[in-house]
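The values are calculated or read from the model by the stated rules, or taken from the named source; none is laboratory data. Because the structure is a prediction, the values reported are computed rather than measured. Note that each Cβ is placed from the backbone with ideal geometry, even for glycine, and that neighbours are counted across all protein chains shown.
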Amino acid sequence: MGEFFDDLETRDPEQREAQLMQALARQVAHAQARAPAFAELLAGVDAAAVTSRAALARLPVTRKHQLQARQREQRTHDPFGGFSALARGRAMPRVFASPGPIYEPEGAARDHWRTGRAMHAAGFRAGDLVHNAFSYHMTPGAFIMEAGAHAVGCTVFPAGVGQTEQQLQAIAELRPDGYAGTPSFLRILLEKAQETGSDVSSLAKALTGGEALPPSLRDWFAARGLAVFQSYATADLGLIAYETSAREGLVLDEGVIVEIVRPGTGDPVPEGEVGEVVVTSLDPGYPLVRFGTGDLSAVLPGPCPTGRTNIRIRGWLGRADQTTKVRGMFVHPGQVAEVARRFPEVLKARLVVSGEMADDRMTLRVEAAAPAQGLDARIGEAVRDVTKLRADVELLAPGSLPNDGKVIEDARSYK
C-alpha cells in the first residue's frame, strides 16, 4: 500500500460508474436468487435491465423497520428474515445482534466490512498497534474496526468499553499508535488521563465512528496532539464513507452504491440537496438493495483534493426519521413503546435526547395515571434493559406531553 489503499480509489469516474452499474445488475440478480426477502421485494424486476441509477431509483427502498419485522416474523426458521445469502459455518464465522434486536451475519472475507480503506486514509499502517474501544459484546462495532485494522497490517488491543482506569494503564504500558472507537469515549479517556497523570502520549491518530464528530471536538483533540478521522459505517452495510486528510467531507467506499433521496420517498434529490442516504451493498453474502439508512447527508461537488475520485458526501447531518443514535447505539421508537407497554400506569412516553455531542443524555418523559412509588426507578431499569442505555425518568401528569406524534425528540446541540 502506498498513498492509497488500492487502485480502485483513483479510478476514472466514468470507468467507476460503468463498473458499478455492471455490478449492480449482477447483484440484483444475485439478491433475487439467493436472498428470499429480495426474491419477494424485487419480484417481477428484470435484473439485467437495472444498469443505471434511473433504473435503480425505480426499485423499492427497504428500511430497517422492514428488516426487523421480517426477522421477527421468520425467527423460528430464519433469524435473518430472508435477507442473508450466507449459510452457517465457514461462510458465516459470526452473527451479531444490534438493538431492536436485529441480527446481522458476518461473511468470511478478510475485511468483510471493508474498513481497511478508512483505516488507511486515517494514517494507520502495518505494524501499528490499535487500541480498539468499540464494544465486543453482541454488536459488531469492534469487529468492524478490528477487521479493517488487520487489513492494513495492524495489531489490535481489544479494549472494549468502560473500565477507564484499566484502559489508561494499558495505553501507558502498551503504547498504542492509535485509537478506534467513539469520539465521546476518546474524550473521556483523555480527560481522565489528564486528571490522573496517565501517559497517553503514544496516541497520535484515531478513527472514530458511531457518533458525529463536530469541528469543536476535532479541534479539542488536535490541541492534544491527535489527528482524528471519521468513518461512516453500519452493521448492515459495512463502510459507507470515510474521511481523508483533506478534511473536506467523506469519500464514498468503493463497495457500495449510494443515493441521496427525499426523506419518506425513494426519489433521488439534486446534487447538494440534503436527503436520506440509501445504499446498495455489493456484498454477495448480505446483498441489501436500496437499503434506507435513515441518515441525512448531501453530495459535495467535485473530487477529493487527495486524488481519490469517488463521490463525496457532507457526512452525517441528522436523522430522516425518529430513530436516533445515542452513544453510538441506535434507539428506535419501537423500543420506547416496548418500555411503555411494560407498565399499565403509563399513558404516553417521549424520549428526549439532550446535551452536546459526545455528552448525550436521555430523559424518558412519561405521562402516568396514579403512579406508584418507585415507578420512575422501575421504568429506568426497563429502559436500560430494552435499549442497553441509561436514562433519567420524569413522571408527568396526563395531558402534559405535546400532541405531535413524536416519540423520540433529538434536542442535542450539533454546533
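Numerical summary
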| read-out | value |
| --- | --- |
| Hey, Leu86 buried (at least 16 other Cβ atoms within 10 Å of the Cβ) and either part of a loop (DSSP other than H, G, I, E, B) or among the charged types (D, E, K, R) (or both) or not | yes |
| Test: residue in segment 164-173 that is part of a loop (DSSP other than H, G, I, E, B) and either touching a Phe, Trp or Tyr at 6+ places or on another chain (Cβ under 8 Å) or on the phi < 0 side of the Ramachandran plot (or both) | no |
| Residues of segment 89-119 satisfying the condition of being surrounded by 17 or more Cβ atoms within 10 Å (Cβ to Cβ) and assigned to a strand (DSSP E or B) | Met92, Phe96, Ser98, Ile102, Tyr103, Glu104, Pro105, Glu106 |
| First in segment 120-144 and surrounded by fewer than 24 Cβ atoms within 10 Å (Cβ to Cβ), second anywhere and assigned to a loop (DSSP other than H, G, I, E, B) and charged (D, E, K, R), Cβ under 6 Å, 6 or more apart | Asp128/Asp177; Leu129/Asp177 |
| Where Leu389 falls short, out of the listed (1) under 30 Å from Ala29 (Cβ atoms); (2) within 21 Å of the chain's Cα centre (by Cα) | (1) |
| Selection status of Ser184, of a type in the set (S, T, N, Q) and in a loop (DSSP other than H, G, I, E, B) | no |
| Residue match in segment 294-316 (condition: among the aliphatic types (A, V, I, L, M) and surrounded by fewer than 17 Cβ atoms within 10 Å (Cβ to Cβ)) | no |
| Output for segment 326-360, where each listed residue is at pLDDT 85 or above, within 28 Å of Ser245 (Cα to Cα) and part of a strand (DSSP E or B) | Val326, Met329 |
| Filter result for Glu14 (more than 15 Å from Ala85 (Cα to Cα) and assigned to a helix (DSSP H, G or I)) | yes |
| Odd one out for Ala377 among (1) in a helix (DSSP H, G or I); (2) under 23 Å from Met138 (Cβ atoms) | (2) |
| Test: residue in segment 69-81 that is among the polar types (S, T, N, Q), touching a residue at least 12 places away in the same chain (Cβ under 8 Å) and assigned to a loop (DSSP other than H, G, I, E, B) | no |
| First in segment 231-257 and farther than 15 Å from Gly315 by Cβ, second anywhere and hydrophobic (A, V, I, L, M, F, W, C) and part of a loop (DSSP other than H, G, I, E, B), Cβ under 7 Å, 6 or more apart | Asp236/Leu288; Leu237/Leu288; Gly238/Trp113; Gly255/Leu282; Val256/Leu237; Val256/Leu282 |
| Only listed residue being modelled with pLDDT of 95 or more, under 25 Å from the mean Cα position of the chain (by Cα) and surrounded by 13 or more Cβ atoms within 10 Å (Cβ to Cβ), chosen from Ala47, Ala31, Ala55 | Ala31 |
| Test: Leu351 is surrounded by fewer than 20 Cβ atoms within 10 Å (Cβ to Cβ) and without any contact (Cβ under 8 Å) to a residue 60 or more places away in the chain | no |
| Selection from segment 374-392 of residues that are out of contact with any Lys or Arg (no Cβ under 7 Å at 6 or more places or on another chain) and either under 21 Å from Gly328 (Cα atoms) or modelled with pLDDT under 90 (or both) | Gly380, Glu381, Val383, Asp385, Val386, Thr387, Lys388, Ala391, Asp392 |
| Residue in segment 257-276 that is surrounded by 18 or more Cβ atoms within 10 Å (Cβ to Cβ), modelled with pLDDT of 95 or more, touching a strand residue (DSSP E or B) at 6+ places or on another chain (Cβ under 9 Å) and closer than 30 Å to Gly160 by Cβ present | no |
